[in-house]
Amino acid sequence: MATTGYTAVIRQDDPWWIGWIEEIPGVNSQGATRDELLSNLREVLAEAIEMNREEARRAAGESFEEVAIGP
């Protein structure tokens, strides 16, 4: 599978850092530091992608083909 880059939009909102992943609605997080926020965003992004994969595979049924599609 092709590796896709994602863009985090982040800002400091004292005392927290908050951020969103542009490309995937609903993927957002916060952290006490910038590094913690970025770590949290990576984790929630990975979880969201895995949940989407599982849902897509269930919807496709038993026989399906995976095809990499790049930008």
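For segment 1-15: of the residues being part of a strand (DSSP E or B) and within 15 Å of the chain's Cα centre (by Cα), which is farthest from GLY70 (Cα to Cα)? Top of the filtered list is ILE10.
Restricting attention to segment 25-45, the residues being exposed (fewer than 15 other Cβ atoms within 10 Å of the Cβ) and at negative phi number 10. Does segment 46-60 contain any residue that is free of Cβ contacts under 8 Å to residues at least 60 places away in the same chain, surrounded by 13 or more Cβ atoms within 10 Å (Cβ to Cβ) and of a type in the set (A, V, I, L, M)? Within segment 46-60, one or more residues are free of Cβ contacts under 8 Å to residues at least 60 places away in the same chain, surrounded by 13 or more Cβ atoms within 10 Å (Cβ to Cβ) and of a type in the set (A, V, I, L, M).
The rows are residues; the columns are (1) of a type in the set (A, V, I, L, M, F, W, C); (2) in contact with a strand residue (DSSP E or B) (Cβ under 6 Å, 6 or more places away or on another chain); (3) assigned to a loop (DSSP other than H, G, I, E, B).
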{"residue": "TRP17", "(1), (2), (3)": "yes, yes, no"}
{"residue": "ASP35", "(1), (2), (3)": "no, no, no"}
{"residue": "LEU38", "(1), (2), (3)": "yes, no, no"}
{"residue": "ALA46", "(1), (2), (3)": "yes, no, no"}
{"residue": "GLU50", "(1), (2), (3)": "no, no, no"}
{"residue": "ARG58", "(1), (2), (3)": "no, no, no"}
{"residue": "GLU62", "(1), (2), (3)": "no, no, yes"}
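Every condition in (1) in contact with a helix residue (DSSP H, G or I) (Cβ under 9 Å, 6 or more places away or on another chain); (2) exposed (fewer than 12 other Cβ atoms within 10 Å of the Cβ) holds for TRP16 except the one numbered (2).
No lab work stands behind these numbers, since they all come straight from the coordinates. Keep in mind that this is a model prediction, so the values were computed, not measured. Because the Cβ atoms are built from the backbone with ideal geometry, glycine has one as well, and the counts that use them run over all protein chains shown.
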